[in-house]
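Only one structure is covered here, and it is reproduced in the block below.
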Amino acid sequence: MPADAPPEPESPFRAGFACLVGRPNAGKSTLTNALVGRKVAITSTRPQTTRHTIRGIVAQPDGQLVLVDTPGLHRPRTLLGRRLNDLVRTTWAEVDVIGFCVPADADVGPGDRFIARELAPLSTRKPVFGIVTKTDAVSPQRVAEQLATLAQLGKSAGLGDFAELVPVSAVDGFQVELLADLLLARMPESPPLYPDGELTDEPEQRLVAELVREAALEGVREELPHSLAVVVEEMAPREGRDDLLDVYAYLYVERPSQKAIVIGRGGERLKRVGSSARRQIEALLGSSVYLDLHVKVAKDWQRDPKQLRRLGF
């Protein structure tokens, strides 16, 4: 460059919101955690584990990407299901970019086609990415086939061409950084939206409740994920100690038979849930934790507006 040449202009700082959508168990929460670099959303092998929109913040020198992880859009059977779907659609309308996630290890089905049709009207107003997740679980040939299937799905559903078509793996990190860069490039010019160093704007008590719920969902029967809610009633440092946090939480289920599943024979299963959740909470908060768990029955809470409000929905 000649000595008298003007300096290269700096890239503008960009900041905005991106939303990962897909049918239940498409890998959205795991991908959110991989992009942020730390656990901010619960993950489970059971579908419909995400109940709240979790905002994870990806900070880069030239921008700030705020990821919104939503519940999976599904055919609702309860009042809770309808409210979760409303939450998804409201989030879609408010973000700057949408990432439509389809797992590489499952065939595209009616749920994916339904979501693609729902996204079509938004694609004229904001970029929609096609994201093939879980590429570590299949062969490269299968990934290529799924990318082609997703591209065709976008066209047939009225989405047209995706703004970007990206295969990723949250497990081994394949193209996670590339996806973050591509999403950030689509954000508007803006100052940072959150203070430097923050990873999420979720209240700590909600994150703790989500971690307890994740631990309770491991290895349980099919019906329990939809029926389990966790509320942290109290969370505070123990009196006279600044190195120990007391957490008191209630796990709510809909039937006595589900309570028995969560507790297990002689309370053994609830002890394992508490031990697993406590390790995750201590890693999140950087403090020793005393975790006190109790299980209560709230009959048919998913269908009761009053109980839904009390449980935070």
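The values are calculated or read from the model by the stated rules, or taken from the named source; none is laboratory data. Bear in mind the structure is a predicted one, so any value in this text is a computation, not a measurement. Every residue, glycine among them, receives a Cβ derived from its backbone with ideal geometry; neighbour counts consider all protein chains shown.
How do the pairs read when you match residues in the range 95-111 that are in a loop (DSSP other than H, G, I, E, B) with residues anywhere that are of a type in the set (Phe, Trp, Tyr), using Cβ under 7 Å and keeping only pairs 6 or more apart or on different chains? Between residues of the range 95-111 that are in a loop (DSSP other than H, G, I, E, B) and residues that are of a type in the set (Phe, Trp, Tyr), the close pairs are 95/17; 96/17. For residues that are in contact with a Pro (Cβ under 7 Å, 6 or more places away or on another chain) and at pLDDT 70 or above, scanning just the range 62-85, find the one that is nearest to residue 115 (Cα to Cα). Among them, the one singled out is 85.
Screening the candidates 49, 45 for the property of being over 24 Å from residue 121 (Cβ atoms), at pLDDT below 65 and surrounded by 21 or more Cβ atoms within 10 Å (Cβ to Cβ) yields one hit, 49. The numbered conditions (1) of a type in the set (Asp, Glu); (2) over 17 Å from residue 68 (Cα atoms); (3) free of Cβ contacts under 8 Å to residues at least 40 places away in the same chain; (4) in a helix (DSSP H, G or I) are all true for residue 86 except (2).
If you take the residues in the range 195-226 that are small (Gly, Ala, Ser) and surrounded by fewer than 21 Cβ atoms within 10 Å (Cβ to Cβ), which one is modelled with the lowest pLDDT? The residue in question is 197.
Filtering the range 127-151 down to residues that are part of a helix (DSSP H, G or I) and polar (S, T, N, Q), which residue is surrounded by the fewest Cβ atoms within 10 Å (Cβ to Cβ)?
By that ranking, first place goes to 141.
Within the range 57-69, residues that are assigned by TED's automatic domain parsing to the domain that holds residue 91 and on the phi < 0 side of the Ramachandran plot reach partners that are outside any loop (DSSP other than H, G, I, E, B) and of a type in the set (Phe, Trp, Tyr) with beta carbons closer than 9 Å, at six or more positions or on different chains, in the pairs 65/17; 66/17; 67/17; 68/17.
Being aromatic (Phe, Trp, Tyr) and outside any strand (DSSP E or B) is a property that holds for residue 114. The single condition among (1) under 26 Å from residue 18 (Cβ atoms); (2) in a loop (DSSP other than H, G, I, E, B); (3) modelled with pLDDT under 90 that residue 169 does not meet is (3).
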